[in-house]
Amino acid sequence: MEKYSGQSKNVSSSSFVPAIPFADNSNISRNDFPNDFLFGVGTSAYQHEGGAAKGNKGLSIWDAFTLSTPDRIADGSNGNVAAGMYTKYKEDIMAMKSMGVDVYRFSISWTRILPGGRPCLGINQEGIDYYNDIINTCLENDITPFVTLFHWDLPYCLQLEYGGFLNEKIIDDFRQYAELCFWEFGDRVKYWITLNEPWTYSVHGYVKRIFPPGEISGSSTNNVTYENNPKNNFAGYRSADPNLIQPLIRSSNITIESEVDDSTGEVYTVARNLLLAHAQAVQSYRTKFKEHQQGYIGITLVSHYFEPLYVDDEDDRKAAKRALDFMLGWFLEPVMRGHYPKNMRDYVQNNNLQRFSEEETSLLKGSIDFLGLNYYTTYYASDDPTPVCEDGYYKDQQVEFFTDRDGVPIGDMGDSSWLYSVPWGIYELLKYIKDTYPKIPDIYITENGTDEKNNSNLTAYEACTDTPRIKYFQDHLAKILEAINDFGGSNGKLKIKGYFIWSWSDNLEWNWGYTIRTGIIYIDYMNNLRRYPKHSAVWYAQFLKRG
């Protein structure tokens, strides 16, 4: 997720929104929610599967990124093994069943079924069989699969060939990949998510450049050796052979060079192509598959909520609205209305924010059957007409972000300095969506959760004590329930239909590696990836009991 920090303005505290009083939500249970409300857990392919060199899987940009530039990962690690779900998925799904989970959200690895990126270059039947088995195991255990098509692991060959999502060629390649998934799995998968967090993929890859492809640079020779990286305490875990996949990169005789430069318009180009790839996949599903498969297709967007730092200041109120438009509206406005938010059209140079054609607008408008919403935290926003940042995206929106106001933190800070627990923010975000997009379809909270630092000095038993995570879930669920009661109901405009914890188990948390843990299941990386339920998993099982 994105990180912000800042200092409070010197303003009168009498103008502030009152602090939210402490609430005890420890007695909340699924019985408080509508009978048809779905509760689940989530994973993603690169973060959880492992099996990087098994089953004829091809290279993704995350494989190339972690193996070629391990110094860009907090502990120098990679996803070669991850949480080991490639071999342990049946064990995990059966554990989900025993917990009482209704739905399991997971992503398909594009390169596991299409190692060359396109069907014409060969379909990997081993990958098809693998995902068929996951889907069938879910259904055998009365768990509904929610399948994400793209959770950032773009085929590396497409990045090398034409720059990935910087090039509009990706639109047709993504459509073909999506069609293959619909064809192979759509008779059993009834909920499809085209993209996960296109905002994160765009901004972290092309603005902050802490995600691939923005940091794939230099040659394939490592500057930081696996064995000597002082940041990594998983020397025995990374893989039995640290060079397992490196020969595949070197064999191409291609120097791994960045496809990006200092152009401020690139992030907008990438976002545009992501949106059009989504729209093409949706059109294909609706015209070729939906009639027979009777499924639903949507998109998952991430957004913080942004509260004006100084609520009596009209400029700060406008800044908070801009922040929401530059994060959520950037993608939600096009799939709802076929164009970008007015704030973006007003604040981004025309040559950077290419408008959609009439045909593209028609394709985008209404291109979701449901909205997946990922929420983690909230920030204060203040007007900043002369930002000092050099990059186009943050300079364009002219907003400064804060985690405290008048010296008071916005919420309880988690183990990661960016992630404050702000339950009222998810209520306000849902209210904002209802007011701004009155025709919004069903909403699923597809990710919500917090983390703790990995502490190698703790035993597995000690590390399973995660009381703050339980409190985080309880407080956010209470605010979601409040939104359902206030905005939903038989005559309500907002239909919130489900909630997914992030995440099922500890995993590779992108550029943070294994330095933080996000799961309700503890993974013992040093002992055959043994699973232990954390206290939050025990709580969730109790929460999910009916009656």
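The values are calculated or read from the model by the stated rules, or taken from the named source; none is laboratory data. None of the values given here were measured: they were computed from a predicted structure. We place every Cβ from the backbone using ideal geometry, glycine too, and count neighbours over all the protein chains shown.
Looking at region 125-136, which of its residues are out of contact with any strand residue (DSSP E or B) (no Cβ under 9 Å at 6 or more places or on another chain) and either under 22 Å from TYR285 (Cβ atoms) or crowded, with 19+ Cβ neighbours inside 10 Å (or both)?
GLY127, ILE128, TYR130, ASN132, ASN136
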Can you tell me which residues in region 398-409 are buried (at least 22 other Cβ atoms within 10 Å of the Cβ) and assigned to a loop (DSSP other than H, G, I, E, B)?
-> THR403
Can you tell me how many residues in region 378-391 are assigned to a strand (DSSP E or B) and more than 18 Å from ALA319 (Cβ to Cβ)?
-> 0
Any residue at all in region 141-149 that is out of contact with any Ser or Thr (no Cβ under 9 Å at 6 or more places or on another chain), part of a strand (DSSP E or B) and buried (at least 20 other Cβ atoms within 10 Å of the Cβ)?
-> yes
Is region 14-33 home to any residue that is under 22 Å from the mean Cα position of the chain (by Cα), over 30 Å from GLY407 (Cα atoms), surrounded by fewer than 24 Cβ atoms within 10 Å (Cβ to Cβ) and modelled with pLDDT of 95 or more?
-> no
Can you confirm whether region 265-282 contains a residue that is modelled with pLDDT under 95 and over 15 Å from PRO198 (Cα atoms)?
-> yes
Any residue at all in region 444-455 that is in contact with a Leu (Cβ under 8 Å, 6 or more places away or on another chain), buried (at least 20 other Cβ atoms within 10 Å of the Cβ) and closer than 18 Å to THR515 by Cβ?
-> yes
For region 442-469, what are the residues that are under 30 Å from ASP369 (Cβ atoms) and assigned to a loop (DSSP other than H, G, I, E, B)?
-> ASN448, GLY449, THR450
Per the list (1) assigned to a loop (DSSP other than H, G, I, E, B); (2) surrounded by 24 or more Cβ atoms within 10 Å (Cβ to Cβ); (3) touching a Pro at 6+ places or on another chain (Cβ under 6 Å), residue check on VAL189 breaks on (2)
Pairs only if they're at least six apart or on different chains, beta carbon under 9 angstrom, first in region 498-512 and without any contact (Cβ under 8 Å) to a residue 12 or more places away in the chain, second buried (at least 24 other Cβ atoms within 10 Å of the Cβ) and β-branched (Val, Ile, Thr); list them, first residue then second.
-> none
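Tally the residues that are in a loop (DSSP other than H, G, I, E, B) and over 23 Å from HIS204 (Cα atoms), restricting the search to region 279-338.
Here is the first cut: in region 279-338, the residues in a loop (DSSP other than H, G, I, E, B) are 294-295, 303-304, 309-313, 338.
From the residues that got through so far, the ones that are over 23 Å from HIS204 (Cα atoms) too are 294-295, 309-313, 338.
The qualifying residues number 8.
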Keeping to region 82-124, report how many residues are more than 30 Å from LEU544 (Cα to Cα) and among the small types (Gly, Ala, Ser).
-> 3
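Residue-by-condition table, conditions (1) loosely packed, with under 15 Cβ neighbours inside 10 Å; (2) part of a loop (DSSP other than H, G, I, E, B):
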| residue | (1), (2) |
| --- | --- |
| GLU360 | no, no |
| TYR376 | no, yes |
| TYR393 | no, no |
| ASP396 | no, no |
| SER417 | yes, yes |
| TYR427 | no, no |
| LYS431 | no, no |
| ASP435 | yes, no |
Give region 507-547 a look and list any residue that's closer than 20 Å to PRO145 by Cα, in contact with a Lys or Arg (Cβ under 6 Å, 6 or more places away or on another chain) and crowded, with 17+ Cβ neighbours inside 10 Å, or say none.
-> ILE520, ILE521
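Go through ILE210, ILE108, ILE128 for me and flag whichever is more than 20 Å from the chain's Cα centre (by Cα) and among the β-branched types (Val, Ile, Thr). Quick ask: steps written out before the conclusion?
On the way: ILE210 fails: more than 20 Å from the chain's Cα centre (by Cα); ILE108 fails: more than 20 Å from the chain's Cα centre (by Cα).
Only one candidate qualifies: ILE128.
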Take the residues of region 73-116 that are in a loop (DSSP other than H, G, I, E, B) and without any contact (Cβ under 8 Å) to a residue 60 or more places away in the chain: which is surrounded by the fewest Cβ atoms within 10 Å (Cβ to Cβ)?
-> GLY116
